[in-house]
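Worksheet: the structure to be examined is printed underneath.
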Amino acid sequence: MTIEEAIAWIHSRLPFGSRPGLDRVNALLEVVDHPEKKVKTIHIAGTNGKGSTVTYLRCLLEEAGLTVGTFTSPYIETFNERISINGKGIPDEELIQLVEKYQPLVEHLDKFEVVAGITEFETLTAMAFDYFLEKQVDIAIIEVGLGGLLDSTNVAQPMLTAITTIGLDHTEVLGKTLEEIAAQKAGIIKQGIPVVTGKIEPNALAVINETAKNKNAKHYLFGEEYRVIYQHPAKNWGEVFDFYNESGKMVGLSTSMLGQHQVENAGVAIELYALYCQMEKLPFREKEVKNGLKQAHWPGRMERLSEEPLVILDGAHNPHAMKRLVQNMKKEFSGYRINILFSALTTKNVNSMLQQLQDIPNAHIYLTTFEYPKAIELDQVADLANQKVSIVSLWQFGLAEILEKMTDEDVLLVTGSLYFISEVRKLLVELGGNDEG
């Protein structure tokens, strides 16, 4: 089996869609003797900020000398990065071995109506636990796919959980209000297991707090048990902040990721790290925190892909993330002409995101589509064109046109769907646009 065939088989489970519920994944894990029960895990949910928080936490734990598994989605550079150890995606041959092991098992379970149709994400969840157990990672950080309560990753038996943010996204599955969505995310909170929450608005936070109380789970709140105080942008790229918790304070910490929300994500990660150190009787040292934060890079999240011309990629794929992106652009790039190449999925609130982007002064938006099953269709958004918004039928041509006319007073921002960002990033890297390594 080639790696292409292995990945094609995994993708062949995509048509089964995203079907909330744990019966199918549990049936699969039963057949492989429940690796999820034998791997120490930290489970992270949230509308936005999960990926960055996972990356910060991984780098902090690695800095302490640990072997750290991560299960994340979607991927930006290669499929293999979804299942990684110490930031390195699973090697092709190991992924092929897993597919050879799981293909007959999944196809056998398809014969039983009650657990037939195991999805791509469920298959990957089981494979990730299996791989982390085989490689004997010290800790695995598991990112929720969708929601929490009925997400297949909720088979994890974590030592810590976290919820980064709550915003309106996937409302057709998770609920129409922040409170309903918070109830789904709070589904990852386990009996007696501590939970850390990020900056969450009060009504949603109340729902999480109630769940934590009912589960007798100690709740570490942003702004109470731990605090971050934003200071200023870092000299080269990133943000400087101070962190306070019961262990004391750390001043002048800096992230390598741009945006004030990255300081909040880093805060969640540091608090999780502090609790992990406490539980595992490890020293919680400022030097490791400082170094770990500096090591953390997350492709496609306020990522500077090149300096000349200045190209930034940010996967703000829902209105909640877009609000943060707009704030960042206004704050950090007020002196620039801003060219925005934007595309999204039909399942998202495209009008709301486009409306927000138009609030950025000196911005012109190039609205486009890309090769993906649920990508927006241009004939359906043609009426959104105006003085600030042009429709571009082929994003590759739109990109070339923007790059050609850019001067040092311009910035190109590529944003919207992470699947779109991934495609554009690939082309830009091929063209030699990556200064950041």
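The values are calculated or read from the model by the stated rules, or taken from the named source; none is laboratory data. Note that this is a predicted model, so its numbers are computed, not measured. Backbone-built Cβ (ideal geometry, glycine too); neighbour counts: all protein chains shown. We work out accessible area using only protein heavy atoms, side chains counted, and drop any ligands, DNA or RNA first. Shrake-Rupley method; radii C 1.70, N 1.55, O 1.52, S 1.80 Å.
Brief remarks on what is shown
- Computed FRET value (nearest 0.05) for Asp359 with Lys176, which takes r as the C-beta separation and R₀ as 22 Å: 0.35
- Per residue, the accessible area of the stretch 3-295 comes to 40 Å², computed with a 1.4 Å probe over protein heavy atoms only.
- Computed about the Cα centre, the dipole magnitude for the chain is approximately 1340 debye when only Lys and Arg (+1) and Asp and Glu (-1) carry charge, each at its Cβ.
- Length available on full extension from Lys287 to Asn86: 0.36 nm per residue minus the Cα-Cα distance, which gives 70.5 nm.
- Ranking Ser334, Ser73 by solvent-accessible area of protein heavy atoms (1.4 Å probe, all protein chains present), from largest to smallest, gives Ser334, Ser73.
- In the chain, a dipole from Cβ-located charges (positive for Lys and Arg, negative for Asp and Glu) runs towards its positive end, and of Gly315, Val424, His219 it is His219 whose Cα lies farthest in that direction.
- Put simply, when 384-391, 418-425, 62-69 are sorted by average Cβ atoms within 10 angstrom per residue, most first, you get 418-425, 62-69, 384-391.
- Spin-label proximity, Gln278 to the stretch 183-209 - amide N less than 14 Å from point 7 Å beyond Cα toward beta carbon: 193-197
- Lys135/Asp110 FRET efficiency (R0 30 Å; Cβ-Cβ; nearest 0.05): 0.60
- Measuring with a 1.4 angstrom probe and ignoring ligands and nucleic acids, Phe121 comes out at about 40 Å² accessible.
- Entries of Lys185/Lys294; Lys235/Lys294; Lys218/Lys323; Lys38/Lys190; Lys235/Lys405 with Cα pairs more than 22 Å apart: Lys185/Lys294; Lys218/Lys323; Lys235/Lys405
- Spatial separation of Cα centroids for the stretch 399-422 and the stretch 317-342, in angstrom: 12 Å
- The heavy atoms of Leu14 offer some 100 square angstrom of accessible surface to a 1.4 angstrom probe.
- Estimated FRET transfer efficiency when R0 is 25 angstrom, pair Arg337-Val429 (beta carbons, to 0.05): 0.55
- Axial C-alpha extent at least 24 Å, average Kyte-Doolittle at least -1.0 - helices from the chain (DSSP): 92-109, 260-279
- Element breakdown for the chain at a 1.4 angstrom probe: carbon and sulfur atoms account for 50% of the accessible area.
- Relative contact order (%) - the chain, alpha-carbon pairs under 8 angstrom, separation at least six: 15 percent
- In a simple Cβ point-charge model (Lys, Arg +1; Asp, Glu -1; nothing else charged), the stretch 300-417 has a dipole of about 520 debye relative to its Cα centre.
- Figure note: Ser343, Ser352 ranked by solvent-accessible area, largest first, 1.4 Å probe, ligands and nucleic acids not counted: Ser352, Ser343.
- Flagged links, alpha-carbon separation over 29 Å, of Lys290/Lys426; Lys213/Lys290; Lys40/Lys199: Lys290/Lys426; Lys213/Lys290
- Heavy-atom accessible surface of the stretch 314-437, averaged per residue, reaches 48 Å², computed with a 1.4 Å probe.
- Based on C-alpha pairs under 8 angstrom that are at least 6 apart in sequence, the stretch 303-432 has a relative contact order of 37 percent.
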